1. For residue 14, which of the numbered conditions (1) within 17 Å of residue 81 (Cα to Cα); (2) touching a residue at least 40 places away in the same chain (Cβ under 8 Å); (3) over 14 Å from the mean Cα position of the chain (by Cα) fails to hold?
2. Give the residues of the range 71-99 that are touching a helix residue (DSSP H, G or I) at 6+ places or on another chain (Cβ under 9 Å) and without any contact (Cβ under 8 Å) to a residue 40 or more places away in the chain, sorted by residue number.
3. Residues to consider are 55, 107; find the one that is outside any loop (DSSP other than H, G, I, E, B) and either surrounded by 14 or more Cβ atoms within 10 Å (Cβ to Cβ) or not assigned by TED's automatic domain parsing to the domain that holds residue 12 (or both).
4. Are any of the residues in the range 91-103 at pLDDT below 95, part of a helix (DSSP H, G or I), loosely packed, with under 13 Cβ neighbours inside 10 Å and in the same structural domain as residue 3 (by TED's automatic domain parsing)?
5. Return only the number of the condition from (1) loosely packed, with under 12 Cβ neighbours inside 10 Å; (2) outside the structural domain of residue 17 (by TED's automatic domain parsing); (3) under 20 Å from the mean Cα position of the chain (by Cα) that residue 71 does not satisfy.
């Protein structure tokens, strides 16, 4: 039941960000987590003394970006908040994503080499 509740909340967040994206005044503006929570009080409790709503928004954005189909927009973020990606944002997102993946591909290759060395020299892991 929790996943269904998160899915509903997440898609309402997506709808809200799309409304902002379509608004000429807000089109390129990042919307802060506090603004999101105040705009969607049914889903996020901005008056909660904990930071639960902040984590929920982050979780919802992650959920949305991993469950979107090709006809839907990704959500980008920075220190100021979230927004629906513009074409320029897509370009930046793809470059950053490739850099991220290259970094971890390099790290994975090093780990794989260490594993291969350990197969050849089992004393490396003997205690």
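The values are calculated or read from the model by the stated rules, or taken from the named source; none is laboratory data. Treat the numbers as computed from the prediction; the structure is a model and nothing was measured. As a convention, Cβ positions derive from the backbone with ideal geometry for all residues, glycine included, and neighbour counts pool all protein chains shown.
1. With (1) within 17 Å of residue 81 (Cα to Cα); (2) touching a residue at least 40 places away in the same chain (Cβ under 8 Å); (3) over 14 Å from the mean Cα position of the chain (by Cα) applied to residue 14, the lone miss is (3).
2. Within the range 71-99, 74, 76, 85 meet the criteria.
3. Sole residue among the options that is outside any loop (DSSP other than H, G, I, E, B) and either surrounded by 14 or more Cβ atoms within 10 Å (Cβ to Cβ) or not assigned by TED's automatic domain parsing to the domain that holds residue 12 (or both): 107.
4. no
5. Only one criterion is unmet by residue 71, namely (2).
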